[in-house]
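Trainee: One structure, as structure tokens, below. Some questions next.
The values are calculated or read from the model by the stated rules, or taken from the named source; none is laboratory data. These numbers were taken from a predicted model, which means no experiment stands behind them. All Cβ positions, glycine included, derive from the backbone under ideal geometry; neighbour counts span all protein chains shown. We work out accessible area using only protein heavy atoms, side chains counted, and drop any ligands, DNA or RNA first. Shrake-Rupley method; radii C 1.70, N 1.55, O 1.52, S 1.80 Å.
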Amino acid sequence: MTQVTYQILRNDGKGGVPHFQNFVVEIGETEAILTGLIKIRNEQDPTLAVRYSCRQEICGSCAMRVNGKSRLVCSRLVGTETKTHNNTIRIEPMANQPVLRDLVVDQTPFWDRYRHIRPHLILDPANPLPQGKESRMTPEQVDQFRETPRCIACASCYSACPAVGSDPDFLGPMALAKLYRFTVDPRDAAYHERLEGIQNQKLWLCLRCNLCVEACPKDVRPAERIVDLKRLANQEIGKRERGSKHSIGFLNNIEQGGLLNETKLARDSLGLFGMLGQVGKGFQMMRHGKSLKKHPPIQGLSEVQAIYADLNKPEDIKGRERPVGKGVKGE
Amino acid sequence: MTLSHDVLVVGAGLAGQRAALQAFRAGVDVGVISKLHPLRSHSGAAQGGINAALDPKDSVHDHIYDTVKGSDYLADQDAVEVLCKEAGPTVIEMEHMGTIFNRAPDGSLDRRAFGGASYNRTIYSADRTGLALLQGLYEEVGRDPKIHIYEEWDAVDLVVRDGRVQGVVAMERKSGKIEGFGAKAVVIATGPAGRVYGKTTNSHESTGDGCALAYRAGAYLKDMEFVQFHPTCLPHTSILITEGARGEGGILRNAKGERFMERYAPHFKDLASRDVVSRAIVTEVKEGRGFPDGTVHLELMHLGKEKVETKLQEIVAYARTFAGIDPVVEGIPVYPAQHYMMGGISTNPKGETNIPGLYAAGEAACVSVHGANRLGANSLLETLVYGKIAGQNAAEYAKTAAASTLGQTDVDATTGRIHQLVERKEGELPAKLRAELQSTMDELVGVYRHPDDLINAVTRVAQLKERYQNVHVADKSSIFNLNLVEAIELGHLLDLAEVIVTGALARTESRGAHVRTDYPKRDDAKWLKHTLAQITKEGPSLTYLPVTITEYQPKERAY
């Protein structure tokens with residue numbers, strides 16, 4: 001048992017100024033941070049508002065920011081924080097969602113994005129699932145779900161994501177990981193429609209900062225699933241979609257010259273007409289010393305190209321194709 | 001203000017959502033109120049699997065027999081028959097809704113062994129089957145926004161008038177507003193009441209709200225004295241370690257290294273029914289063969305890292321996080337903790353209670369399919385099979401029932417009572433009374449029940465009920481006032497605890513999970529009957545109901 005200071009951001013939800021309040025809690029280092037919050041509610045201040053239920057990392061109720069990072073407090077242990085933060089645990093509500101009171105946030109924006117991806121199987125009426133029998137799935141088909149079935153919708157990733165706050169169109173890590181789960185489901189018949197539905201900012205705003213991967217308590221690794229979606233989108237609808245064209249253009253750019261050529265990239269992504277709208281940005285770039293001239297190829301370009309060749313070997317491409325075996329059979 | 005629906009479902013776990021879906025499919029207007037977001041329901045914490053005799057070499061009859069034997073012959077066999085016959089179609093339906101189950105190499109649904117089962121018939125999704133089913137069902141329900149789900153609303157009163165149910169009065173957490181939900185039929189599916197105990201695998205929100213509301217409104221509660229203690233839970237936190245761990249080959253050992261279950265259940269060994277294994281563990285520890293921390297060990301090391309880390313992924317994480325133990329290389333310390341209430345709101349196999357228009361399903365209900373002891377992986381099955389049945393019958397009832405008379409007077413009555421509670425200036429905090437209730441139940445109403453302890457528990461619960469009259473809500477806010485919510489929940493827990501201890505003291509035999517040290521034998525002549533509890537001013541009044549026996553005559557139970 002040790003004395004730990006819980007520094008909690010209080011917010012009455014009625015317009016009062018949010019402020020930190022300190023509580024000193026007797027608690028063991030191997031106990032969950034949630035246990036301390038419950039102790040505070042039971043023994044010091046029953047007015048502390050906080051969501052929690054299962055206390056075992058499965059109901060997804062108790063995500064909040066702990067010393068600045070989005071965490072599920074039931075499975076985050078006291079000792080993991082106190083050692084590096086001078087025996088203090090600073091607790092704030094999740095980000096990217098309005099606060100209702102204290103540590104309780106309004107999750108409407110999170111659930112709206114989840115619903116946007118049509119989170120249910122879409123079946124092909126012409127090709128129904130086997131009647132009265134389960135649909136068969138090969139181990140390879142099951143493997144494609146990766147860790148997405150573990151998602152408990154706690155919104156830790158959503159809270160950690162910097163892109164969610166910058167564009168309301170971006171679907172965010174949880175919804176996109178969920179979308180991936182349906183996109184690769186062999187029973188689902190809306191493969192193309194699902195990838196069509198996430199053009200531009202909805203998908204491509206993810207900059208792969210990996211904060212969602214760090215925040216996820218269930219190792220769902222949303223950023224990696226977003227990369228998978230981008231790859232599938234490139235294959236399925238690449239030529240018609242700005243985000244895809246940008247990423248393909250980027251790739252080709254490096255392969256051809258070893259360095260990024262902004263002018264060429266802009267043309268690849270936006271097309272000539274699209275570029276006209278970006279003339280102002282072109283001047284800005286020049287002012288900041290970004291040359292719009294064509295760079296000469298870098299020295300050692302052949303080594304870069306060798307990496308490309310290596311990555312495109314048949315055995316590496318395997319697993320980067322369309323999901324294996326869409327469609328299921330009964331027996 | 002009042003809202004109205006043809007069918008109102010209280011609770012949005014598996015039973016509640018399945019009932020809502022079925023009522024909707026039957027063509028009536030459906031509302032669901034739930035104190036949690038549906039995906040946060042405790043159904044999601046179920047780990048091991050769902051039973052269905054899907055394999056051609058298995059049989060529905062064997063599933064029925066195993067369930068009846070597991071129940072120590074207290075289950076109603078007509079209800080068990082429905083459960084087991086519907087199991088296959090139910091699992092297939094969930095698969096078609098999108099549930100992701102584990103697969104055998106040939107692509108079919110994989111099956112694992114489970115306690116008390118004579119055949120490997122437990123379909124599973126790693127060790128998070130409840131979560132997989134909950135996701136699948138929620139996705140299906142979410143297809144149609146016409147099923148209106150009121151999230152984070154606490155049911156506070158169940159209104160029964162003119163000989164039938166009229167609806168529910170509920171309070172919204174985010175605003176504190178109190179509204180009436182008129183309904184022609186109500187389905188209670190509020191799940192477990194495990195927080196009557198402190199040492200429980202159940203979530204903090206498992207406070208038996210609907211069960212207590214129905215009881216107060218005049219519904220019978222059935223067999224509440226039968227409380228299941230799951231054999232393998234982590235010490236301190238009581239976090240569940242699935243029976244699936246033993247289903248995959250895990251072995252229990254005492255501190256002397258003995259596989260002690262060979263002595264208690266020579267045939268089924270570690271996969272005997274839960275009551276048997278829990279008693280064995282308590283006995284081993286009591287007789288000095290436990291580890292110094294008062295546990296036995298569940299060993300998985302011999303199964304290999306790959307199998308343990310994939311098929312038992314969640315419990316490996318739990319053991320590592322909450323017990324600092326790596327099951328790949330060392331035994332997991334375990335001890336029994338409260339896990340499941342076999343009892344609940346008394347229903348017949350149609351999901352009907354004794355109150356017209358009131359239905360119940362899932363852990364809040366008692367049909368009874370589990371009798372005196374539930375078999376593992378039958379509870380997920382029950383939620384879906386009987387959730388569907390209750391939803392269907394509630395819809396049929398609503399189609400011909402008159403409109404609800406629930407109105408502003410009902411809302412005002414509840415509002416007045418809540419205001420009185422919040423405005424009280426002093427008294428004891430709910431957390432204090434709750435802690436005393438939980439330690440009472442932990443210490444006095446456990447795996448083995450001594451008559452003196454039970455008498456003591458009856459007195460203590462009565463005293464706590466008295467003190468509860470003066471419970472103090474320190475939080476005065478209208479926004480997310482959890483102090484108020486826990487005061488209301490505590491009232492529910494106290495009512496249910498009273499029924500549990502009263503029933504346990506009255507039942508002078510040992511059957512399934514109810515074991516009396518002074519009456520160590522099952523007594524079919526006197527006690528092959530269900531306990532029914534009905535509320536009176538003097539407390540629960542007990543009557544008894546015969547058990548429905550169709551095919552399997554009671555005989556001695558051995559594993």
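Trainee: FRET efficiency for B:Gln420 and A:Arg267, Cβ-Cβ distance as r, R0 = 41 Å, nearest 0.05?
Mentor: Efficiency for this residue pair is about 0.05.
Trainee: Now for a separate question. At a cut-off of 40 Å², which residues of the range A:24-68 become less accessible once all protein chains are present than in their chain alone, using a 1.4 Å probe?
Mentor: A:Arg41, A:Asn42, A:Pro46, A:Arg51, A:Tyr52, A:Ser53, A:Arg55, A:Gln56, A:Ile58, A:Cys59
Trainee: Same structure again: Charges only on Cβ, +1 for Lys and Arg, -1 for Asp and Glu: so what's the dipole of the range A:201-287 about the Cα centre, in debye to the nearest 20?
Mentor: Around 260 debye, computed over the range A:201-287.
Trainee: With every protein chain left in place, what is the accessible area per residue of the range A:2-104 in square angstrom, probe 1.4 Å?
Mentor: In whole numbers, the range A:2-104 has 36 Å² accessible per residue.
Trainee: Here's something else I'd like to know. So, taking all protein chains as they sit and a 1.4 Å probe, how much accessible area belongs to B:Glu262, in Å² rounded to tens?
Mentor: 90
Trainee: Something else about it: What does the charge add up to near B:Thr400, with Lys and Arg as +1, Asp and Glu as -1, over the other residues with Cβ less than 13 Å from its Cβ?
Mentor: Once positives and negatives cancel, what remains is +1.
Trainee: Give me the compactness ratio for the range A:2-104, meaning the Cα radius of gyration over 2.2 N^0.38 Å.
Mentor: Relative to the 2.2 N^0.38 Å estimate, the range A:2-104 comes out at 0.98.
Trainee: What residues does the range B:32-76 have that are buried by at least 40 Å² of accessible area in the full protein assembly compared to the chain on its own, 1.4 angstrom probe?
Mentor: Buried on complex formation: B:Leu39, B:Arg40.
Trainee: Using a 1.4 Å probe, what is the accessible area per residue for the range B:275-427, in Å²? Provide the component values of the computation, followed by the final result.
Mentor: Working: 5310 Å² over 153 residues.
Accessible area per residue, the range B:275-427: 35 Å².
Trainee: What is the spread of the Cα atoms of chain B along each of their three principal axes, largest first, in whole Å?
Mentor: Result, largest extent first: 65, 52, 49 Å.
Trainee: If the rule is a partner Cβ under 4.7 Å, which cysteines in chain A fail it?
Mentor: Isolated Cys, chain A: A:Cys62, A:Cys74, A:Cys151, A:Cys154, A:Cys161, A:Cys206, A:Cys209, A:Cys216.
Trainee: Once the Cα gyration tensor of the protein assembly as shown is found, what semi-axes does its equivalent ellipsoid get, as square roots of 5 times the eigenvalues, in whole Å, sorted largest first?
Mentor: On the way: eigenvalues 451, 198, 159 Å².
Each semi-axis is √(5λ); the values are 47, 31, 28 Å.
Trainee: What list of ³J(HN,Hα) values in whole Hz, one per residue of the range B:30-35 in order, does the Karplus curve 6.51 cos²θ - 1.76 cosθ + 1.60 (θ = phi - 60°) give from phi, with Gly and Pro shown as x?
Mentor: 10, x, 10, 10, 9, 6
Trainee: Give the relative contact order (percent, whole number) for chain A; include only Cα pairs under 8 Å separated by 6+ residues. Intermediate values should be presented prior to the final figure.
Mentor: On the way: 525 pairs, mean separation 50.0, N = 331.
Rounded, it is 15 percent for chain A.
Trainee: At a 1.4 Å probe radius, which order do B:Asp106, B:Asp162 fall into by accessible area, largest first?
Mentor: Most to least solvent-accessible, the answer reads B:Asp162, B:Asp106.
Trainee: While we're looking at this one, here's another question. 222 nm [θ] for the protein assembly as shown, helices only, -39500 (n - 2.57) per DSSP H run of 4+, per residue, to 500?
Mentor: Mean residue ellipticity, 222 nm, calculated: -11500 deg cm²/dmol.
Trainee: Additional query: Once phi is turned into θ = phi - 60°, what whole-Hz ³J(HN,Hα) does the Karplus curve with 6.51, -1.76 and 1.60 give for every residue of the range A:126-133, x standing for Gly and Pro?
Mentor: Each residue's phi maps through the Karplus curve to give 6, 9, x, 5, x, 6, x, 9 Hz.
Trainee: Something else now. Projecting each Cα onto the charge dipole of chain B (Lys/Arg +1, Asp/Glu -1 at the beta carbon, about the Cα centre), which of B:Leu36, B:Gly362, B:Ser4 comes out farthest on the positive side?
Mentor: B:Gly362
Trainee: Can I ask one more? Roughly how far apart, in whole Å, are the Cα centres of the range A:196-239 and the range B:512-559?
Mentor: If we compute the Cα centre of each part, the gap is 57 Å.
Trainee: With just the Cα atoms defining each centre, how far is the range B:473-510 from the range A:90-107? Give it in Å.
Mentor: 29
Trainee: Which percent, nearest 5, of DSSP beta bridges in the protein assembly as shown are antiparallel?
Mentor: Numbers: 62 of 91 bridges.
Counting only bridges with both partners in the protein assembly as shown, antiparallel ones make up about 70 percent.
Trainee: Let me check against my output: what whole-number percent is the relative contact order of the range A:255-311, with C-alpha pairs under 8 Å and at least 6 apart?
Mentor: Relative contact order for the range A:255-311 comes out at 59 percent.
Trainee: Can you give the net charge of the other residues whose Cβ lies under 13 Å from the Cβ of B:Ala185, counting K and R as +1 and D and E as -1?
Mentor: Surrounding charge for B:Ala185 is 0.
Trainee: In whole Hz and in residue order, list the ³J(HN,Hα) couplings for the range B:5-20 that follow from phi through the Karplus curve 6.51 cos²θ - 1.76 cosθ + 1.60, θ = phi - 60°; x for Gly and Pro.
Mentor: Per residue, the Karplus-derived 3J(HN,Hα) values read 9, 5, 10, 10, 9, 9, x, 10, x, 5, 5, x, 5, 5, 5, 4 Hz.
Trainee: Between B:Pro192, B:Ala45, A:Pro125, whose Cα lies farthest towards the positive end of the dipole of the protein assembly as shown when Lys and Arg beta carbons carry +1 and Asp and Glu beta carbons carry -1, centred on the Cα centre?
Mentor: A:Pro125
Trainee: Of the DSSP beta bridges with both residues in chain B, give the percent that are antiparallel, rounding to the nearest 5. Before the final figure, lay out each step's value.
Mentor: On the way: 44 of 69 bridges.
The antiparallel proportion sits near 65 percent.
Trainee: What total accessible area, in Å², is buried where chains B and A meet, using a 1.4 Å probe and rounding to the nearest 100? Intermediate values should be presented prior to the final figure.
Mentor: Values: alone 20350 and 18100 Å², together 33620 Å².
So the buried area, both faces added, is about 4800 Å².
Trainee: Oh, and also: Tell me whether the range A:255-311 comes out rounded, prolate or oblate; compute the Cα gyration tensor, take square roots of the eigenvalues as a ≥ b ≥ c, and use a/c under 1.5 as the rounded threshold.
Mentor: Cα axes put the range A:255-311 in the oblate bin.
Trainee: What whole-number distance in Å separates the alpha-carbon centres of the range A:1-56 and the range B:58-133?
Mentor: About 41 Å separates the Cα centre of the range A:1-56 from the one of the range B:58-133.
Trainee: For the protein assembly as shown, give the percent of accessible area contributed by carbon and sulfur heavy atoms, probe 1.4 Å, rounded to a whole number.
Mentor: Within the protein assembly as shown, the accessible surface is 52 percent carbon and sulfur.
Trainee: Taking the Cα centre of the range B:296-402 as origin and charging only Cβ (+1 Lys, Arg; -1 Asp, Glu), how large is the dipole, in debye to the nearest 20?
Mentor: The dipole magnitude comes to about 280 debye.
Trainee: Mind putting a number on the dipole of chain A about its Cα centre? Charges go on the C-beta only, +1 for Lys and Arg and -1 for Asp and Glu, and I need it in Debye to the nearest 20.
Mentor: Once rounded to the nearest 20, the dipole reads 800 debye.
Trainee: Suppose we take every Cα in chain A and form the convex hull; what volume per residue is that in Å³?
Mentor: 210
Trainee: Here's something else I'd like to know. In the range B:77-103, what residues drop by 40 Å² or more in accessible surface going from the chain by itself to the full protein assembly, probe 1.4 Å?
Mentor: So the qualifying set is B:Ile92, B:Glu95, B:His96, B:Ile100, B:Arg103.
Trainee: Tell me which of B:Tyr264, B:Leu496, B:Asn393 sits at the most positive position along the dipole axis of chain B, charges placed on C-beta atoms (Lys, Arg +1; Asp, Glu -1).
Mentor: B:Tyr264
Trainee: At 7 Å along Cα-to-Cβ for each site, give me the label-to-label distance between B:Lys526 and B:Thr405 in nm.
Mentor: Label-label distance for B:Lys526 and B:Thr405, simple model: 4.5 nm.
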